[in-house]
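Have a look at the structure below, then the notes.
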Amino acid sequence: MTLQKIINDSVHWFFKLLELLVVLCMVAMVVMVFGNVVLRYGFNSSLLISDEMSRYCFIWLTYIGAMVAMHEGGHLGVDTLIKHLPVLGKKVCLFLSESLMLLCNGLFFLGTWKMHELQVSNVSPVAGISMIWIYGIGYVVSVVMGIINLNMLYRLVRGQISEDELVQVVETEGMAQVDKPMQEVKV
């Protein structure tokens, strides 16, 4: 087994684990919120920890989902200008885009680092856990997304990116169905 195969398999399973965490966070949120609704309306009581923990699950779900979406190329984008540029223009735009995202990830990591001491000493009101367990996801997100950016920049500089990959926006099936009748109307 080659090193590249081991790395690809590791990346694949890492993102499968992240997808599982997204599902677990979503299930936990549904159970906690629904359970709290049943307790409030059925038994005139509630679990305070349910509101707080479902909020924390939502924070983690959002950030983990962002990592998975970036890996799969599922983030929103506008390709109106990019798709009309020559190959060199597309490469320059991709380089600028990935570089700016890498810079943002670096700033996100730095911001999490600077807030680390405050979050370690800050304790959640109901669960009593250190808030670094909630907001420390910034470390993970910034590093994972930064690695994705670095990988894309490396592949771009080495010339390992196809022309199709230069436009990072993937059309949805619905948009393709809308565009077809619109093109027929123009004719």
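The values are calculated or read from the model by the stated rules, or taken from the named source; none is laboratory data. Keep in mind that this is a model prediction, so the values were computed, not measured. All Cβ positions, glycine included, derive from the backbone under ideal geometry; neighbour counts span all protein chains shown.
Within region 112-122, restricting attention to residues that are surrounded by 13 or more Cβ atoms within 10 Å (Cβ to Cβ) and more than 18 Å from the chain's Cα centre (by Cα), which residue is nearest to ILE49 (Cα to Cα)? Before the answer, list the steps.
Start the filter on region 112-122 by keeping residues that are surrounded by 13 or more Cβ atoms within 10 Å (Cβ to Cβ), which leaves 112, 115-116, 119-120, 122.
This time we only want the ones that are more than 18 Å from the chain's Cα centre (by Cα), so: 115-116, 119-120, 122.
Numbers: MET115: 24, HIS116: 24, GLN119: 19, VAL120: 20, ASN122: 17 Å.
So, considering only residues that are surrounded by 13 or more Cβ atoms within 10 Å (Cβ to Cβ) and more than 18 Å from the chain's Cα centre (by Cα), the one nearest to ILE49 (Cα to Cα) is ASN122.
Give the residue, chosen from VAL23, VAL38, VAL68, that is more than 27 Å from ASN105 (Cα to Cα) and not assigned by TED's automatic domain parsing to the domain that holds ILE147.
Exactly one residue qualifies, and that residue is VAL38.
Residues to consider are LEU48, LEU88; find the one that is in the same structural domain as VAL143 (by TED's automatic domain parsing) and either loosely packed, with under 12 Cβ neighbours inside 10 Å or more than 30 Å from VAL123 (Cβ to Cβ) (or both). Before you say what the answer is, go through the steps one by one.
Values: LEU48 fails: in the same structural domain as VAL143 (by TED's automatic domain parsing).
Every option except LEU88 fails the conditions.
Among the residues of region 156-169, are any modelled with pLDDT of 85 or more and in a helix (DSSP H, G or I)?
yes
Any residue at all in region 134-151 that's in contact with a helix residue (DSSP H, G or I) (Cβ under 9 Å, 6 or more places away or on another chain), at pLDDT 85 or above and not in a helix (DSSP H, G or I)?
yes
Are any of the residues in region 91-99 at pLDDT 95 or above, among the hydroxyl-bearing types (Ser, Thr, Tyr), in a helix (DSSP H, G or I) and surrounded by 17 or more Cβ atoms within 10 Å (Cβ to Cβ)?
Scanning region 91-99 turns up no residue that is at pLDDT 95 or above, among the hydroxyl-bearing types (Ser, Thr, Tyr), in a helix (DSSP H, G or I) and surrounded by 17 or more Cβ atoms within 10 Å (Cβ to Cβ).
Output the residues belonging to region 42-73 that are assigned to a helix (DSSP H, G or I), over 15 Å from the mean Cα position of the chain (by Cα) and modelled with pLDDT under 90.
If the condition is that a residue be assigned to a helix (DSSP H, G or I), over 15 Å from the mean Cα position of the chain (by Cα) and modelled with pLDDT under 90, then GLY42, PHE43, LEU48, ILE49, SER50, ASP51, GLU52 are the ones that fit.
Does at least one position in region 59-66 carry a residue that is among the hydroxyl-bearing types (Ser, Thr, Tyr) and over 30 Å from MET152 (Cα atoms)?
The answer is no; no qualifying residue exists.
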